[in-house]
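Report on one structure; see the data block that follows.
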Amino acid sequence: RKPVIIDCDPGHDDAIALLLAFANDKLDVKAVTTVAGNQTIEKTFNNALKVLSFAGINTVVSKGAEKPLLRDLITAPEVHGDSGLDGPELPPPNFKPSSKNAVETIMEVINESNEKITIIPTGPLTNIATVLLSNPEIKAKIERIVLMGGSMIGGNWTPAAEFNILVDPEAASIVFNSGVPITMCGLDVTHKAQIYKEEVEEIRNIGNKVAIMVAELLDFYGKFHERFGFKGMPLHDPVAVAYVIDPTIVTTQSFYVEIEIKGEFTNGCTVVDYYYVLKKPKNVEVVLDIDRERFIKMLYDAMRKYN
Ligand code: BDR
Ligand code: CA
């Protein structure tokens with residue numbers, strides 16, 4: 001099983017990404033770390049604990065950065081509600097979080113592992129950048145960073161920027177320039193990874209309490225995306241987990257990618273050298289497409305595991 005750390009800001013799609021990861025026997029989730037993004041750190045941290053508790057998963061959960069490296073926090077209540085996870089009523093968590101912070105936990109997991117660790121960030125990259133900056137020697141023990149964020153064409157929070165990168169572009173710049181192998185699951189692929197309403201009903205009909213909770217999460221999350229004119233709703237964060245479970249589910253191409261941190265209109269843009277104009281070494285594997293049917297099936301299979 002592949003040892004992974006999930007660094008997230010739950011968040012509806014983050015919550016589903018967690019549930020997908022824990023249900024799949026190809027992955028060994030060593031820890032869940034949280035970051036401020038979709039909501040404040042107190043909320044994303046509590047949401048992670050609540051979702052995992054509800055699903056009967058007791059694991060290492062650590063609280064991370066409360067704000068981006070240099071900027072004020074931007075949150076996304078339009079998408080995820082005031083709690084960051086509006087929709088289902090979840091009871092309070094039933095297990096205790098780690099007393100270590102996210103950076104300490106990430107360091108500990110990596111240092112204690114005999115195998116290289118894959119990190120799956122599904123929120124702003126603040127925690128990951130802090131780890132890489134403060135402990136550069138750790139890079140050699142990271143297999144790959146498979147992140148949800150960015151896009152080749154068009155943003156969802158500004159015309160140029162995707163939310164996770166926009167929230168902490170300096171952190172993203174540190175991660176993308178770190179030399180660690182990076183896979184970017186951006187909007188180019190995640191907007192193709194949509195789940196349709198009838199598929200949400202399939203999940204509800206699986207009938208266990210976790211599947212029903214996921215359907216309720218998607219009922220809420222779908223309301224925002226109706227306005228985008230999508231047929232369904234993009235399951236952004238689960239794409240990164242799906243890639244690590246089975247890379248054959250996606251197609252990718254490598255490019256040189258920089259993060260815009262000084263732009264007037266383009267802050268947080270992932271600038272992809274599509275035509276190899278700069279002739280710089282390709283630092284990012286960009287995910288371009290996904291087999292949507294297989295992806296949804298992977299999600300169904302995961303939900304059935306919670307019986
Ligand atoms: C990303 O932003 C967040 O709202 C989602 O959880 C996802 O990680 C999509 O742009
Ligand atoms: Ca997220």
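Does the range 120-136 hold any residues that are within 14 Å of ligand 2 (Cβ to nearest atom) and hydrophobic (A, V, I, L, M, F, W, C), and which are they?
The initial filter retains those residues of the range 120-136 that are within 14 Å of ligand 2 (Cβ to nearest atom), namely 120-128.
Those that are within 14 Å of ligand 2 (Cβ to nearest atom) and hydrophobic (A, V, I, L, M, F, W, C): Ile120, Leu125, Ile128.
When the range 145-160 is limited to residues that are over 18 Å from Asn177 (Cα atoms) and among the hydrophobic types (A, V, I, L, M, F, W, C), the one that is nearest to ligand 1 (Cβ to nearest atom) turns out to be Trp157.
Go through the range 1-93 and tell me which strands (runs of 3 or more DSSP E), entirely inside it, have 2 or more residues that are surrounded by fewer than 24 Cβ atoms within 10 Å (Cβ to Cβ) and at pLDDT below 95. Break it down stepwise before answering.
On the way: elements: 2-8, 27-34, 61-63.
Ranges flagged: none.
Filtering the range 248-266 for residues that are over 28 Å from Pro169 (Cα atoms) and at pLDDT 95 or above leaves a non-empty set.
The set of residues in the range 91-108 being within 21 Å of the chain's Cα centre (by Cα) and among the hydrophobic types (A, V, I, L, M, F, W, C) consists of Ala102, Val103, Ile106, Met107. Listed by first and then second residue, the pairs linking a residue in the range 2-21 that is within 16 Å of Thr105 (Cβ to Cβ) to a residue that is more than 9 Å from ligand 2 (Cβ to nearest atom) and of a type in the set (Asp, Glu), with Cβ atoms under 6 Å apart and 6 or more places separating them unless they lie on different chains, are Pro3/Asp28; Pro3/Glu115. Taking (1) within 14 Å of ligand 1 (Cβ to nearest atom); (2) free of Cβ contacts under 8 Å to residues at least 60 places away in the same chain in turn, Lys50 satisfies each apart from (1).
If you filter the range 224-244 down to residues that are more than 14 Å from ligand 1 (Cβ to nearest atom) and either surrounded by fewer than 19 Cβ atoms within 10 Å (Cβ to Cβ) or not in a helix (DSSP H, G or I) (or both), you find that the one that is nearest to the chain's Cα centre (by Cα) is Gly232. Among the residues of the range 224-234, at least one is within 15 Å of Ala17 (Cα to Cα) and at pLDDT 95 or above. Taking the range 128-142 as the range and being in contact (Cβ under 8 Å) with a residue 60 or more places away in the chain, out of contact with any Leu (no Cβ under 7 Å at 6 or more places or on another chain) and more than 14 Å from ligand 1 (Cβ to nearest atom) as the test, only Thr130 passes. Go through the residues of the range 1-13 one by one and say whether even a single one is under 19 Å from Met233 (Cβ atoms) and more than 13 Å from ligand 1 (Cβ to nearest atom). No. Confirm whether Phe163 is more than 18 Å from Pro281 (Cα to Cα), among the aromatic types (Phe, Trp, Tyr) and crowded, with 24+ Cβ neighbours inside 10 Å. For Phe163, the condition - more than 18 Å from Pro281 (Cα to Cα), among the aromatic types (Phe, Trp, Tyr) and crowded, with 24+ Cβ neighbours inside 10 Å - is met.
Summed over the range 139-170, the residues that are within 14 Å of ligand 2 (Cβ to nearest atom) and in a helix (DSSP H, G or I) give a count of 5. Within the range 153-177, residues that are closer than 15 Å to Asp72 by Cβ have Cβ atoms under 6 Å from residues that are within 12 Å of ligand 1 (Cβ to nearest atom) and part of a helix (DSSP H, G or I) in these pairs: Trp157/Phe163; Trp157/Leu166, counting only partners at least 6 apart in sequence or on another chain.
Restricting to the range 171-198, what's the tally of residues that are surrounded by fewer than 19 Cβ atoms within 10 Å (Cβ to Cβ) and assigned to a helix (DSSP H, G or I)? Selection size over the range 171-198: 2.
The values are calculated or read from the model by the stated rules, or taken from the named source; none is laboratory data. Note that the structure is a prediction, hence the values are computed from the model and not measured. Because the Cβ atoms are built from the backbone with ideal geometry, glycine has one as well, and the counts that use them run over all protein chains shown.
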